[in-house]
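This report concerns only the one structure given below.
None of the figures in this text is laboratory data; all of them are computed from the coordinates on show. The model shown is predicted, which means the values in this text are computed figures rather than measured ones. Positions of Cβ are generated from backbone atoms using ideal geometry, with glycine treated the same way; all protein chains shown enter the neighbour counts.
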Amino acid sequence: MNSSSIWDALPWRRRKQLRQLSRSALVYLILGLLSILFLIPFFWMISTSFKPPRLIYVDPPVWIPDPITLDNFINGWKQLNWAQFYQNSAIITVLSVIGGLISSSIVGFAFASLNGRGKNFLFALLLATLMVPAVVTLIPTFIMFSKVGWVNTFLPLIVPQWFANPFYVFMFRQFFLTIPHELYDSAELDGCTPFDLYWRIAVPLSGPVFATAALFAFLGAWNDFQAPLIYISELKKYTLTLGLAMFQGLFGTQLQYMMPMALLAMIPILVLFFLAQKYFVRGIATTGMKM
């Protein structure tokens, strides 16, 4: 029997399963090839970080360093006060993430679960602010923070995050809409206040969206370069991004120093993503299911 006859002899359900399997295999193959393509620069950065300087510029390039050395990390770390930069970035990031999650989740819960006149109009107005370029408010914001004496402090980098991010509000609202309203009705019959509904019912059920918003907020605060560049002027208050920019100006052509320091700056992001990956995927999949 030829292949066509064998295929026709298979049951319809079996042929459908084989078609779905072949499509899935093709999709995974394409994604695997693309992931390899995108991971090549990252792998090259890791390889360069552990290479002796004499192997960095050889042609053809050496992908697996031999011998592996840690001198690049040690020597690069000694050039600047990286511990202070990490501490400053950690303080700003942690406080920004906490403020963003608390304020945005409360506002998102109010839009999703509480009734009020003009609620939909206010929500649309909130989303409209996403279309305003940040550069439009850059100068007025700087003048305002300058008037209150917050320039060259961490406050301009932290305090705005405590007043709800429109994108995070949208995420929380869409997720809270998926929670059955009957749960709120039952809790209200037991005497729960609106804050009790938020704290006792909505928050415990919202781990995925909290993890997703936390990851986005962490990335935004940890990688932020523009705001620290505008508001921070003292070296001891530099964030990691400012430190890397200064380090690039000093040792930009010495890749044996640049690559290890850049890799160390990425480690917290990679660790957070792998720890929260399951919740991140669930949060993205469930956000926006209900309007």
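A few remarks follow.
- For the chain, a simple Cβ point-charge model (Lys and Arg +1, Asp and Glu -1, everything else neutral) yields a dipole of about 660 debye relative to the Cα centre.
- Taking a ≥ b ≥ c as the square roots of the Cα gyration tensor eigenvalues, the chain comes out oblate, since a/c reaches at least 1.5 and a/b does not exceed b/c.
- Remark: 30, 92, 102, 158 ranked as 30, 102, 158, 92, counting other beta-carbon atoms within 10 Å and listing the fewest first.
- Normalising the average separation of contacting C-alpha pairs (under 8 angstrom, six or more residues apart) by the number of residues puts the relative contact order of the chain at 29 percent.
- Selection from 252, 105, 89, by position along the positive dipole direction of the stretch 74-286 (Cβ): 252
- For the stretch 114-123, putting each phi into the Karplus relation 6.51 cos²θ - 1.76 cosθ + 1.60 with θ = phi - 60° gives couplings of 9, 9, x, 5, x, 4, 5, 5, 5, 5 Hz, in residue order, rounded to whole numbers and with x for Gly and Pro.
- For the stretch 79-87, Karplus couplings with θ = phi - 60° (6.51, -1.76, 1.60), whole Hz, Gly/Pro x: 6, 9, 7, 5, 4, 5, 5, 5, 4
- Pairs of lysines in the chain (C-alpha under 25 Å apart; 8 or more residues apart or interchain): 7
- Where chymotrypsin sites (Phe, Trp or Tyr not before Pro) fall in DSSP loop in the stretch 13-112, at most 14 other Cβ within 10 Å: 57, 63
- Separation of alpha-carbon centers, the stretch 91-168 and the stretch 200-214, rounded to whole Å: 19 Å
- Extreme residue, positive dipole direction of the chain, given options 214, 120, 264 (C-beta unit charges): 120
- Sites listed here are chymotrypsin sites (Phe, Trp or Tyr not before Pro) in the stretch 215-254 whose DSSP assignment is loop and whose Cβ has at most 16 other Cβ atoms within 10 Å: 225.
- Cα gyration tensor category, rounded, prolate or oblate, for the stretch 93-228 with a/c compared to 1.5: prolate
- Spin-label model, residue 199/residue 127: points 7 Å from Cα along the beta carbon direction are separated by 3.1 nm.
- Longest DSSP-loop-exposure-free segment, trypsin sites (Lys or Arg not before Pro), the chain, at most 13 other Cβ within 10 Å: 118-289
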